[in-house]
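Worksheet: one structure, shown below.
The values are calculated or read from the model by the stated rules, or taken from the named source; none is laboratory data. These numbers come from a predicted model, not from an experiment. Backbone-built Cβ (ideal geometry, glycine too); neighbour counts: all protein chains shown. What goes into the accessible areas is simple: the full protein's heavy atoms, side chains included, and nothing from ligands, DNA or RNA. Shrake-Rupley method; radii C 1.70, N 1.55, O 1.52, S 1.80 Å.
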Amino acid sequence: MIIALTGFMGCGKSSVASILAGNMGCFYFDLDDTIEMEEGRSIPEIFAEDGEGAFRAMELEYLDRIISDYEDFPTTMILSLGGGTVMTPQCAELIRKNATCVYLKASVAQLVENLNIVGVENRPLLSGSENLEDKVKSMLQAREATYEKCADIILPIDGLSPTEIAERIEQEL
Ligand code: S3P
């Protein structure tokens with residue numbers, strides 16, 4: 001079984017994935033980390049050097065590879081996606097066919113609060129924004145329906161810590 005976490009930047013996918021994997025005694029992959037490791041470059045470097053289109057192609061390539069490599073594996077895997085992964089239709093299709101997808105659904109206010117804490121320097125789609133709240137609002141509006149369509153479980157997460165979110169996911173599964 002693959003449990004894939006989706007949701008907007010700053011919703012806590014990576015932290016929740018690592019806690020959930022610890023609780024469930026299984027391992028986890030972070031798609032962004034996999035891309036950075038395999039490419040030997042950070043995500044901001046990939047965006048700056050090759051552009052967003054190339055990054056989206058890499059997301060599809062590595063997602064496909066992780067899922068195929070995992071096919072014969074006997075235990076559960078938690079997979080933390082990038083915030084834009086499911087916006088690529090082929091990625092959404094791979095997730096829908098091969099994973100149980102959980103959407104960590106946060107409000108704009110919660111996302112902005114989280115992003116102000118963790119910073120946006122490593123997130124090229126946000127780092128140049130003059131008004132973070134407006135940017136998050138418009139991007140979330142454009143993406144929300146796709147997150148929801150891709151998800152088997154939609155989990156509202158405002159006010160919850162990563163530990164609490166991980167516990168809720170286990171209850172829902
Ligand atoms: C992106 C989200 C990022 C990363 C890239 C693009 C997006 O991942 O994949 O900067 O389009 O929302 P996080 O959601 O982990 O920040």
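Annotations for the structure displayed:
- In region 113-124, the residues that are in contact (Cβ under 8 Å) with a residue 40 or more places away in the chain and more than 10 Å from the ligand (Cβ to nearest atom): N114, E121
- Against the conditions (1) more than 22 Å from A142 (Cα to Cα); (2) open to solvent by 10 Å² or more (accessible area, probe 1.4 Å); (3) at pLDDT 95 or above, Q90 satisfies every one except (1).
- The residues in region 136-169 that are over 18 Å from G10 (Cβ atoms) and within 14 Å of the ligand (Cβ to nearest atom) can be counted, and the count is 1.
- Residue match in region 1-17 (condition: hydrophobic (A, V, I, L, M, F, W, C), part of a strand (DSSP E or B) and within 10 Å of the ligand (Cβ to nearest atom)): yes
- Residue list for region 61-89, restricted to those being away from the ligand (no atom under 12 Å from the Cβ) and in a helix (DSSP H, G or I): E61, D64, R65, I66, I67, S68, D69, Y70, P89
- Breaking point among (1) over 24 Å from N131 (Cα atoms); (2) more than 10 Å from the ligand (Cβ to nearest atom); (3) open to solvent by 50 Å² or more (accessible area, probe 1.4 Å), for A109: (1)
- Q141 being farther than 25 Å from F73 by Cβ, open to solvent by 80 Å² or more (accessible area, probe 1.4 Å), part of a helix (DSSP H, G or I) and modelled with pLDDT of 95 or more: yes
- Residue match in region 106-117 (condition: among the aliphatic types (A, V, I, L, M), more than 25 Å from E52 (Cα to Cα) and either assigned to a loop (DSSP other than H, G, I, E, B) or under 15 Å from the mean Cα position of the chain (by Cα) (or both)): no
- Failed condition for G51, given (1) within 11 Å of the ligand (Cβ to nearest atom); (2) open to solvent by less than 60 Å² (accessible area, probe 1.4 Å): (1)
- Members of region 20-41 that are within 14 Å of the ligand (Cβ to nearest atom) and open to solvent by less than 40 Å² (accessible area, probe 1.4 Å): D30, L31, T34, I35
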